[in-house]
Amino acid sequence: MTYLNTASVGPSPKEVLEKMVATWHLIERSPVAESYARGTERLDEIRQKIGGLLNCDKEDLVFTGCTSDAMNRLSFALSLQPGDHILSTDQEHDGGHNCWKFHARSHGVEVEDIPIGFDERDPRAIISRFAQAMRPKTRAISFSHVLYTNGLRMPAAGLCELARRRGVVSIVDGAQAVGNIAVDISRIGCDAYAAPGHKWLLGPKGTGFMYVSRTAAPGLELLTRLTDTKPQNDSTGLINHMGFQGLGAAIDYVNRIGIPALERHNLRLHAYAYDRIQSLPVEVLSPRDGSVATPLLAFKVADKFEIPKLIPALLAEENLVIKGLPKVGGLRLSCHLFNSEPDVDRAVAILKRRLT
Ligand SMILES: Cc1ncc(COP(=O)(O)O)c(C=O)c1O
């Protein structure tokens, strides 16, 4: 299989599966002691690993099922009132945006989506558009660190600084960032950051985590302090130990290579793929390189190609996995460590045959 869709779901290395299975055996030998008590202590070690990866305190991290789960919890913790205003973008994934639409439908909250064009390359222009759209009733800004569509790297630190100056909560959807690019929470300065284990970290499916600053808006910081000063203890509920121990193994795996080396590898393949797809009848939507580029590569195809039919056909008939972006009439490739130039060549050859 040619797998060029880590941005949707990353395949786990064998050692991740082995850690999950070993954890399951451990738990079933002594369910109570290994689920609570010793199990809770072991989860603390995983939060420590995530804290190391994101440069934040483990006491500000909570496990979640996925990014969307975190975004939902964060949106509810804000206790939004009718007339409150949320600023987001028109390039958000449903997983990070459905929660705001829900509050718009059910609580009279106003959600405004700042347009981000596919040709957008100037971080200052994005920040100034957010600044102009702020109102006295703006409660939060919510945006993706890396856009799931064309992979544009958003000016997260600048947007969070703007929010801080205006007394507005900043919530970052890091689904396409963690494990893909270096993420340093202390430099971003956000109030909250949500991420999955199952994309660029190559972790178990259905694992995620969120960071919440201790100085975040009242209510929000309680998400990490449900019972006392610890985010996770024996009374905050039994969670998926297999998944989170597997996530720890995935972080060890990624750390052995190192995020900078991993990013370099993925960006090199991104540029290689960018140059190869110039031979296709497509319109490229992603930056090739520079400070706003990431390894996601999106391109628009002619309207006559039905993307919801094309993607399953590529899997069934060509054993090729890429992402369809029906909302933008495009396709997306994303390369990770296990990919190399021949994977890109094969994908481009198949697409050339199918699209011309
Ligand atoms: C930007 C963004 N946010 C949220 C999600 C949803 O992720 P999860 O499965 O972790 O909820 C995705 C998935 O592709 C995404 O790209």
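The values are calculated or read from the model by the stated rules, or taken from the named source; none is laboratory data. Everything numeric in this text was worked out from a predicted model, so none of it was measured. Neighbour counts run over all protein chains shown; Cβ positions are idealised from the backbone, glycine included.
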remark   = Within the range 324-345, residues crowded, with 16+ Cβ neighbours inside 10 Å and closer than 15 Å to ASN266 by Cβ come out as ARG332, LEU333, SER334, CYS335, HIS336, LEU337, ASN339, ASP343, VAL344
query = Of the residues in the range 140-155, how many are farther than 15 Å from LEU325 by Cα and within 10 Å of the ligand (Cβ to nearest atom)?
reply = 4
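Table: residues versus (1) surrounded by fewer than 20 Cβ atoms within 10 Å (Cβ to Cβ); (2) under 27 Å from ALA7 (Cβ atoms); (3) over 19 Å from the mean Cα position of the chain (by Cα); (4) within 16 Å of the ligand (Cβ to nearest atom).
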site	(1), (2), (3), (4)
LYS19	no, yes, yes, no
LEU26	yes, no, yes, no
GLU41	yes, no, yes, no
PHE63	no, yes, no, yes
LEU87	no, yes, no, no
inquiry  = With the requirement that a residue be more than 10 Å from the ligand (Cβ to nearest atom) and either closer than 20 Å to GLY167 by Cβ or not hydroxyl-bearing (Ser, Thr, Tyr) (or both), what does the range 185-198 give you?
reply    = ILE185, ARG187, ILE188, GLY189, CYS190, ASP191, ALA192, TYR193
request  = Name the residue, out of SER68, SER35, SER79, that is small (Gly, Ala, Ser) and within 16 Å of the ligand (Cβ to nearest atom).
outcome  = SER68
inquiry  = When you check ALA175 against the structure, is it under 25 Å from GLY330 (Cα atoms) and touching a strand residue (DSSP E or B) at 6+ places or on another chain (Cβ under 9 Å), yes or no?
reply    = yes
ask   = When you look at GLY51, is it in the same structural domain as SER186 (by TED's automatic domain parsing), surrounded by 16 or more Cβ atoms within 10 Å (Cβ to Cβ) and more than 15 Å from VAL212 (Cα to Cα), yes or no?
value = no
request  = Would you mention how many residues in the range 199-248 are part of a loop (DSSP other than H, G, I, E, B) and either of a type in the set (Phe, Trp, Tyr) or within 15 Å of the ligand (Cβ to nearest atom) (or both)?
outcome  = 10
note = With the first residue restricted to the range 192-219 and required to be touching a residue at least 40 places away in the same chain (Cβ under 8 Å), and the second required to be acidic (Asp, Glu) and within 15 Å of the ligand (Cβ to nearest atom), Cβ contacts under 6 Å at 6 or more apart or on different chains are ALA194/ASP173
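Take ALA261 and decide whether it is part of a helix (DSSP H, G or I), surrounded by fewer than 17 Cβ atoms within 10 Å (Cβ to Cβ), within 20 Å of the chain's Cα centre (by Cα) and among the aliphatic types (A, V, I, L, M).
Spelling it out, ALA261 is indeed part of a helix (DSSP H, G or I), surrounded by fewer than 17 Cβ atoms within 10 Å (Cβ to Cβ), within 20 Å of the chain's Cα centre (by Cα) and among the aliphatic types (A, V, I, L, M).
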ask   = Looking at the range 163-173, is at least one residue under 14 Å from LEU87 (Cα atoms), within 11 Å of the ligand (Cβ to nearest atom) and not assigned by TED's automatic domain parsing to the domain that holds LEU325?
value = yes
